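Take a look at the structure below.
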């Protein structure tokens, strides 16, 4: 028992250390840089010596970790090319775009089942469950540990897409105003980035990425198509398709944006009406199985009791 508890504590500590390392790598900040920031850039001679010794110590730890841990190419080989592209696309849609995001996802995806299995073993032995119950507990822990990261990732994607969908009509209205005022499309994107920084940080971030890509020399059509792929929102995809088609055909951008804005509002109204129409069907289950039985008991209960009081003596005679 003591051995199992010690082993579980050791594994939890090791997994926590590796998770901290991958989290720092995902943020794009190296440990020497953080150490230097804490000590101070304008340090004197003794402090510089501390920084250099800290750097040497961290380099040794990294070399040991790189020698023992599998290389990134080995982790990538665990999945096929299609699954790798799908996982990276899901991470981008969830907003995780750092260099170490995929490695962190792989670590959580394969480390969580192992951690839950160890916790299930320790819990089963500590409580004294029978072997059959421990087996079912291990099976449940493995399934939950394997499916939970994907569930949380897709939940983050859905939440981010809902925020983009809710903020897109206001952004499209601002885009129409900017274009009609004489601004170019790039300047309008910059204006959306500035105005929605507080109200909708997600939408502001996406348009900021588009601006940075176009400033870096990426063609506008490719930058907007990348926006549609990053978000995965149907409204954004239709907006990008309209902008690309308008640029190719040379039609009026302001008029096209206004027509698209009207169609987007109509589509949102239709979705709201569809959701309202589905409400009656969704209410059938709670009405039939939860509310009606309680009403029948409250309404018919006293009458049934009175009938039984009258009929029981008669039947006994």
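Ranking of 199, 204 by neighbouring Cβ atoms within 10 Å, starting from the fewest: 199, 204.
Multiplying the residue separation of residue 279 and residue 267 by 0.36 nm and subtracting their alpha-carbon distance yields 2.5 nm.
Pairs of Cα atoms nearer than 8 Å and 6+ residues apart set the relative contact order; for the range 182-254 it is 18 percent. Spin-label model, residue 180/residue 162: points 7 Å from Cα along the beta carbon direction are separated by 3.2 nm.
Neighbour counts of C-beta atoms inside 10 Å place 185, 138, 311 in the sequence 311, 138, 185, starting with the fewest.
Could you please rank 207, 189, placing first whichever residue has the fewest other Cβ atoms within 10 Å of its Cβ? Please list the in-between numbers first.
Values: 207 21, 189 24.
In increasing order of surrounding Cβ atoms, one gets 207, 189.
Rule-based calculations on the coordinates, nothing more; no lab input. All of these numbers come straight from a predicted model, not from anything done at the bench. Cβ: placed from backbone, ideal geometry, glycine included. Neighbour counts: every protein chain shown.
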